[in-house]
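Here is the structure we will look at, set down as structure tokens.
Read-outs: derived from the displayed coordinates by stated rules, not from any lab. For clarity, every value in this text was computed on a predicted model and none was experimentally measured. With ideal geometry, Cβ positions are generated from the backbone for all residues, glycine too; neighbour counts draw on all protein chains shown.
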Amino acid sequence: MSSGSCRLARESSLNSFWRHKKEVISKYDASSHTYDELYGEEQEAKYGLALKLLPPQQKETVADIGCGTGLLCWHLLLYTERLVAVDVSVGMLGVLKSRRVRSSGLAIVRADADFLPFKDEVFGAAYAITLLQNSPNPRETVRELARVLRRGGRAVVSAPKKCVEKQLFAHAISTDSLKVEEIVDSDYVVDFLAVCKKL
């Protein structure tokens, strides 16, 4: 294959990557005002289980990556004084901001989960609930999550059971620096939830 053909293949792959991202953003922007009504109960079940598996510590800096409308933020702020809520959708973050959460410890950041604008190892805990199925490369998304998690820090990551088998999910989220401690398959939750630890 000539170098020109390789360049075209890379450009085509990059175009596909960014086209996928734009489609996801458009989907969530369009559904932001009805999201909680459609999926709130389902999401709350995931959050309840996630917080049982990993209750954050009060003094930890915690990240909610893919925070959406901020339903999990309400719960996390009961535990921690410092929370960073991250989402790529302007519509979803708009709903979160309209909730008028009064907390000096809440920072709301518009960013892509694959390109987080944070230094390495800044978070003691992270939650990525209902995020990976929207990623063009879930393994890279998990690597980025691991990058911002401090050594010994833990994360809860989920994936819809209808989208992935349990073993494939475990493989996708296992990286050199992130160890899967447990994957929970609850009858009451539509996602697999994995507890991971940064090595």
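Only lysine pairs 8 or more places apart, or on different chains, with alpha-carbon atoms under 15 angstrom apart are counted in the range 3-198, and they number 4. For the chain, complete DSSP H runs whose alpha carbons reach 15 Å or more along their own long axis and whose mean Kyte-Doolittle score is -1.0 or higher are 3-31, 35-53, 138-148. Where in the range 74-89 does the label zone of Glu42 land, with the point 7 angstrom along Cα→C-beta and an amide N cut-off under 11 Å? Hits in the range 74-89 for Glu42 at 11 Å: none.
Just to be sure I understand: of the beta bridges DSSP finds with both ends in the chain, what percent are antiparallel, rounded to 5? Let's see the in-between values first.
Values: 13 of 31 bridges.
Restricted to the chain, the bridges split so that about 40 percent are antiparallel.
For Val184, the residues whose amide H sits under 5 Å from its own are Leu193, Ala194, Val195, ignoring neighbours fewer than 5 places away on the same chain, with H placed 1.01 Å from N.
Each Lys and Arg adds +1 at its Cβ and each Asp and Glu adds -1 at its Cβ; summed about the Cα centre, the range 3-198 shows a dipole of about 580 debye. For the chain, the mean residue ellipticity at 222 nm estimated from helices alone is -13000 deg cm²/dmol, where every DSSP H run of n ≥ 4 contributes -39500 (n - 2.57) and the total is divided by all residues, rounded to the nearest 500.
Residues Asp176, Asp64, ranked from the fewest to the most other C-beta atoms within 10 Å, line up as Asp176, Asp64.
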